[in-house]
Amino acid sequence: MIDITNLHKRFGPLHVLKGINLTVDKGEVLSVIGSSGSGKSTLLYCINGLESIQDGSIRVDDTEVHHPKTDLNRLRQKLGMVFQQWNSFPHLTALENVALAPRIVKGQSKSEASERASEQLNHVGLGDKLDSYPHALSGGQQQRLAIARALAMEPSLMLFDEATSALDPELVGEVLDTMRMLAREGMTMICVTHEMGFARDVSDRVAYFHQGIMEEIGPPEQLFNTPQSEHTRAFLSKVR
Amino acid sequence: MIDITNLHKRFGPLHVLKGINLTVDKGEVLSVIGSSGSGKSTLLYCINGLESIQDGSIRVDDTEVHHPKTDLNRLRQKLGMVFQQWNSFPHLTALENVALAPRIVKGQSKSEASERASEQLNHVGLGDKLDSYPHALSGGQQQRLAIARALAMEPSLMLFDEATSALDPELVGEVLDTMRMLAREGMTMICVTHEMGFARDVSDRVAYFHQGIMEEIGPPEQLFNTPQSEHTRAFLSKVR
Amino acid sequence: MDYFSGLQLKDLGFLAEAAGRTLLISGVSIGIGSLVGLIFGWLLTVLGRTGRFLLNAVLDVFRSIPLLIQLVLFYNLFPIIGFSLGPFAAGTLVLTVYTVALVSNVTRSGLESVSPDLRRAARSLGLSYWQDMRHIVWPVGLRAVFPAWVGVALSVVKDSALVSVLGYVELLRASQTLITRTQEPLIILAIAGAFYFALSFPMARAASLYEKRWAQ
Amino acid sequence: DTLDEVVDRGTLRCAVVLDFPPIGYWNDNNEPAGFDVEYCKDLANSLGVEVDLIPATWSERLPLIVTGRADVVIGSTSDSLERAQTVGFSIPYAVFVSQAIVNTDSGIETFEDMRGKKVAAGVGTVQEQWYEEYADDWGDDYRYQGYQSENEVFLAVEQGKVDAGMTGNIVAGPIAQRFDNIELGPVLPFTADYVSMAGPRKDVSWLNYLNLFIQQQVRTGRYEELWAQFVGSDAPDLTVGGVYY
Amino acid sequence: MDYNFHWQPVIGRLPDLLLASLDTLQVAALSIVLGIVIGLLLAILRMNARGRWTPLQWFAVAWIEIARNTPVLFQLFFFGFGLGAWGWHLSPFMIVLAGLSFNCAGYLAENFRGGFQSIPDTQYRAARSVGMSAGQTYYHIIIPQVLRKVWHPLTNQIVWAVLMSSLGMLVGYQELTGSAQYFASRTYRIFEYFAVVALIYYALVKLILMASRMLGWRLFRSEGGV
Ligand SMILES: Nc1ncnc2c1ncn2[C@@H]1O[C@H](COP(=O)(O)OP(=O)(O)OP(=O)(O)O)[C@@H](O)[C@H]1O
Ligand SMILES: Nc1ncnc2c1ncn2[C@@H]1O[C@H](COP(=O)(O)OP(=O)(O)OP(=O)(O)O)[C@@H](O)[C@H]1O
Ligand SMILES: [Mg+2]
Ligand SMILES: [Mg+2]
């Protein structure tokens, strides 16, 4: 599904990703953990083609993401993405948020897009908020809205970038539950997260990033119980 | 040390605290938990005299906080307070942040205040940041700065209002460690917190607030393992 | 012979007509100026360093010279370079350029206020650059700065009073004319002031209410 | 030249000053009226074209000509040599004597009394220029204030902001009558104020035409008629003895 | 069009024009100082208007709204002829000063109000909680932060005051624009004079912006300057 070889990413002089090799299979759930600034978000942006890369390659379903001929807008329809914060469109209702991209990108008719959008919103438990604007939703609801919006494009892979870290502790649960549901349904997922509980329970594998290097990757039991690298141990002890 | 009887607090029509009775002894560490809007912060503000009260009384060391004759500025020197966020003064260096109040409130000389301030900053592990401005400090360092600032007034009681909830997960630890250190040193503390681990490990007692009522109070083992009230159980299951 | 006469009812009509001209000249300037300003504001967000610097420098000139001077200068310049403009045309031109200078600033900050995360979210759904612009950046950014734009528009309405120095008989000039005839400055000024206030205050209020709602 | 242009265009762009009753003012229908306005109309008639009146303040008069926005200014423009470097003048079409109007409380009776008092005039008038010649002599006693229009001068005198205002004798009379606290002041020791029409400096044929027009107005008695209508006294003699113009 | 530019007379008057620009700066500076003082008072009055309004608060709100919702030129005329009709006589300098101060106070009041409201409540509470009095809190904690918040709008207002003082010409005050018009009325070379004056204004504005940036950088280096 995803095939990353020797990926290098620089922001000017700053070397942010230093040769990442990673494969994610269909149906797999991968959690990415690591301290702030280690390049986790950057990795997701690169997979999505939102950031250029300086060396190596990323292939999604045998499409080279950074090949000049690749139609990125088409590719991105396969890759749903949910960010940490503020990513619902504030000027559109929940329904319009979800229906917009299918309509203007996929060319669905207005009624078709709306119908599917309301299905997706039902799916994430927002069936009663179709006509609410984001500012009238709680943080957790906004995040579920963002998930529904990504799902409406029928992606084959979902990328989550700390989808819960801006939420009040009480609201984290509902978003994690939605993500669990997706995992159960067999969605391929890469989740950058600070929620060790989630990483442990839901993922097939967990990867630990440290200063632009993927220091360690493995099944959650292995990584959490018998971390190989010293950095991993130090990090895990800090986040408890 | 602190004696609260039948405390009622209203914001206009909103009844925020509905008859709180609470005693905190010298050297005791009390954690206060409860969902958003249950009145936890308001309780601290009332203790500190930052909010008026409508009924009942609060006595700190036999001083009636809300008695018109009470010199609040004097009383507040006994009560150190640390808030969730925005609490270091952004226009002053770390040293000035800590030295300001001793100088202008207690009338210490500039050099004396500076000397003591740098001691306090050493105490919380910021000995090398004396001349840094807050914007150059991490969130965790800013919170420790706020703790040092409160300590510089040599308070006999510390009030913490979710001192860690605005921090990145990795930074939470350093602030909690500082609070643990204070507890070990025998400081009387009331900590409003979302960190159940901290509440469990450090407190002598934990109080659960629900919609302006103190639903339950007791030693941590009791409250966490055998909660009496249904609301407490529901809350604890949500925050895991 | 009496060359002076008291204030009459029909003078109110005269003032109303002049108020109409105030609305006309500021309306035209705001309309054209805002359109051009939108484009320039967008250019400021996409141009390279030098382009942005140059465009900014030019626009900045119009923000750094008193409007009064701009009006007199341009009014006198056009005939010199060969085509004569009446007070209305010259006034409209200067006010329009002035509006462009202000609106482009407002637009730029509006577009820049759209967070990169929001744009990434849109792009990550497969929206193209222009779809992102059309459906996300413009609506969100412009809504955010709508109150600031209203502020600019109202200040152009108020500053249009300066076109009176070119002899264009807008509201303030008309009141001067009436003052000349009736020698009753207080009441006439009060009427003129009340008109500006009645136009400006409700709009400013509405914009700030809108801003509060939008800020939530 | 301008003459051809005006005839081709079919309108005469004639600048007038309208806060200078009775020479130029807004009547109670808020339309331009006065001696100068009638002259504009007569001039347009003589050319067989429509008239386009351009209201101007004192200081705008000559720039209107210089920048080509008006064909002629009939606005009590005194024919000073300094101005003649910028625009062209016709022969005089009227003559005024400069006179002060004073606030009743000012106690001014003679020109000497104006020393140390606050005195106003319109910016760009000859009164302003002549009065400035006293500046060095009088030192701190020279307290002059310029205003954008004649009307603001009257208001200032009326409200007591200044003690005296300087204007033409013809205007001074009606003003003094109209306001309770303004009265006629001393006639000013300035030379008689010969006022001319102004046109583009290099356009001699147009200036010639204007000269002839002024001649004709006097010859036909129209000059006397309008003077009587608006000013109400005998029309002054427009010639200066002993020299050709 | 055969217009010949005459620059010589303007160059000759340059020293006079530069002197007149000092008048411009003076009246602008004074009106800003007055505007700040009055604006602060108005802002405090308006902020304290919770629930019921006292006459003092009505006064503040009326001032602010009239200043912001009518043209400056109108305000100048009002202080000129308007007050004159009541027998209050202001000299042209005072008219400009009063008009600009009135206007600046109204605009600055709203800026200050915004500045105060943008300081998080916890700043105030944190200061009070270490025992500072209300006065000490304002002096040591709130005002320095508000100053930083309003620095930019304040600079804009100063620039605005300089630009708008040009209206002095229309009420008989001979600041830079008024003097230029006065000199120009001799030879009627308005364009040349105003072109030079435009340059002077541009330079003044740039100087003010530079000074503000440098001063701001010194004052606020704690937050990385302005
Ligand atoms: N657009 C950019 N320009 C320059 N540097 C950038 C940019 N985006 C990120 N960086 C830098 O790249 C490094 C990695 O950033 P990244 O956001 O990927 O970290 P992260 O692991 O997601 O951290 P966090 O947990 O804080 O989100 C950081 O040092 C960051 O400052
Ligand atoms: N100054 C105020 N004016 C009016 N209502 C207020 C004010 N401060 C707090 N409240 C209300 O009082 C209630 C209790 O607020 P409080 O901040 O004490 O809750 P909390 O338990 O601290 O919540 P959180 O966990 O979100 O901080 C809330 O409903 C809040 O909206
Ligand atoms: Mg990140
Ligand atoms: Mg709280």
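Note on the stretch B:6-42: among residues that are within 9 Å of ligand 2 (Cβ to nearest atom) and within 14 Å of chain E (Cβ to nearest Cβ), the one that is nearest to residue B:224 (Cα to Cα) is B:41.
Summed over the stretch D:214-245, the residues that are in a loop (DSSP other than H, G, I, E, B) and of a type in the set (Val, Ile, Thr) give a count of 4. Scanning the stretch D:66-79 for residues that are open to solvent by 10 Å² or more (accessible area, probe 1.4 Å) and facing chain E (nearest Cβ under 9 Å) turns up D:66, D:68. Kindly indicate whether residue D:115 is among the charged types (D, E, K, R), surrounded by fewer than 18 Cβ atoms within 10 Å (Cβ to Cβ) and within 14 Å of chain E (Cβ to nearest Cβ). It is false that residue D:115 is among the charged types (D, E, K, R), surrounded by fewer than 18 Cβ atoms within 10 Å (Cβ to Cβ) and within 14 Å of chain E (Cβ to nearest Cβ). Within the stretch D:3-47, the residues that satisfy the criterion of being assigned to a helix (DSSP H, G or I) and either facing another protein chain (nearest Cβ under 10 Å) or over 23 Å from the mean Cα position of the chain (by Cα) (or both) are D:3, D:4, D:5, D:6, D:7, D:8, D:9, D:47.
Look at the stretch E:30-48: where a residue is within 22 Å of residue E:96 (Cβ to Cβ) and a partner is of a type in the set (Ser, Thr, Tyr) and open to solvent by less than 30 Å² (accessible area, probe 1.4 Å), sitting 6+ places away or on another chain with Cβ atoms under 7 Å, you get E:31/E:101; E:34/E:101; E:35/E:101; E:38/E:101. Between E:205, E:162, E:197, the distinction of being at pLDDT 90 or above, away from chain D (no Cβ under 14 Å) and within 30 Å of residue D:87 (Cβ to Cβ) belongs to E:197 only. Scanning the stretch B:203-240 for residues that are free of Cβ contacts under 8 Å to residues at least 12 places away in the same chain and of a type in the set (A, V, I, L, M, F, W, C) yields a total of 1. Taking the criterion of being more than 7 Å from chain D (Cβ to nearest Cβ) and not hydroxyl-bearing (Ser, Thr, Tyr), the residues of the stretch E:178-188 that qualify are E:178, E:180, E:183, E:184. Every condition in (1) free of Cβ contacts under 8 Å to residues at least 60 places away in the same chain; (2) open to solvent by less than 10 Å² (accessible area, probe 1.4 Å); (3) in a strand (DSSP E or B) holds for residue D:53 except the one numbered (2).
Quick check on residue D:220: is it of a type outside the set (A, V, I, L, M, F, W, C), open to solvent by 20 Å² or more (accessible area, probe 1.4 Å) and closer than 26 Å to residue D:130 by Cβ?
Working: of a type outside the set (A, V, I, L, M, F, W, C): yes; open to solvent by 20 Å² or more (accessible area, probe 1.4 Å): yes; closer than 26 Å to residue D:130 by Cβ: no.
So residue D:220 does not fit the description; no.
Scanning the stretch B:158-185 for residues that are within 16 Å of ligand 3 (Cβ to nearest atom) and among the hydrophobic types (A, V, I, L, M, F, W, C), we see that the one that is farthest from the other protein chains (Cβ to nearest Cβ) is B:167.
Taking the criterion of being of a type in the set (Gly, Ala, Ser) and surrounded by fewer than 21 Cβ atoms within 10 Å (Cβ to Cβ), the residues of the stretch E:85-112 that qualify are E:85, E:87, E:91, E:98. Among the residues of the stretch E:153-165, some residue qualifies, meaning at least one is surrounded by 24 or more Cβ atoms within 10 Å (Cβ to Cβ) and small (Gly, Ala, Ser). Scanning the stretch D:156-173 for residues that are within 14 Å of chain E (Cβ to nearest Cβ) and either touching a residue at least 40 places away in the same chain (Cβ under 8 Å) or open to solvent by 10 Å² or more (accessible area, probe 1.4 Å) (or both) returns D:157, D:158, D:159, D:160, D:161, D:162, D:163, D:165.
The rows are residues; the columns are (1) within 21 Å of the chain's Cα centre (by Cα); (2) of a type outside the set (Ser, Thr, Tyr); (3) closer than 30 Å to residue B:14 by Cα.
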residue	(1), (2), (3)
B:52	yes, no, yes
B:56	no, yes, yes
B:101	yes, yes, no
B:114	no, no, no
B:118	no, no, no
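Screening residue C:173 against (1) open to solvent by less than 10 Å² (accessible area, probe 1.4 Å); (2) in contact with a helix residue (DSSP H, G or I) (Cβ under 6 Å, 6 or more places away or on another chain); (3) basic (Lys, Arg) leaves a single unmet condition, (1).
Filter the helices (runs of 4 or more DSSP H) completely within the stretch C:43-125 down to those with at least 2 residues that are within 14 Å of chain D (Cβ to nearest Cβ).
Working: elements: C:49-63, C:67-80, C:87-113, C:116-124.
Of the helices (runs of 4 or more DSSP H) lying wholly inside the stretch C:43-125, those with at least 2 residues that are within 14 Å of chain D (Cβ to nearest Cβ) span C:67-80, C:87-113.
When the stretch B:173-195 is filtered for residues that are closer than 28 Å to residue A:37 by Cβ and within 16 Å of ligand 2 (Cβ to nearest atom), the ones remaining, listed by number, are B:193, B:194, B:195. Restricting the search to the stretch B:1-19, which residues are touching a helix residue (DSSP H, G or I) at 6+ places or on another chain (Cβ under 7 Å) and within 15 Å of ligand 4 (Cβ to nearest atom)? B:9, B:16, B:17 - these are the residues of the stretch B:1-19 that are touching a helix residue (DSSP H, G or I) at 6+ places or on another chain (Cβ under 7 Å) and within 15 Å of ligand 4 (Cβ to nearest atom). In the stretch E:173-192, the residue that is most open to solvent (accessible area, probe 1.4 Å) out of those that are modelled with pLDDT of 85 or more and not in a helix (DSSP H, G or I) is E:174. Once the stretch D:129-155 is narrowed to residues that are open to solvent by 40 Å² or more (accessible area, probe 1.4 Å) and assigned to a helix (DSSP H, G or I), the residue that is nearest to residue D:117 (Cα to Cα) is D:141.
The values are calculated or read from the model by the stated rules, or taken from the named source; none is laboratory data. Predicted, not measured: the structure shown is a model, and the values here were computed from it. Positions of Cβ are backbone-derived with ideal geometry, glycine not excepted, and every protein chain shown enters the neighbour counts. For accessibility, only protein heavy atoms count, side chains too; no ligands or nucleic acids. Shrake-Rupley method; radii C 1.70, N 1.55, O 1.52, S 1.80 Å.
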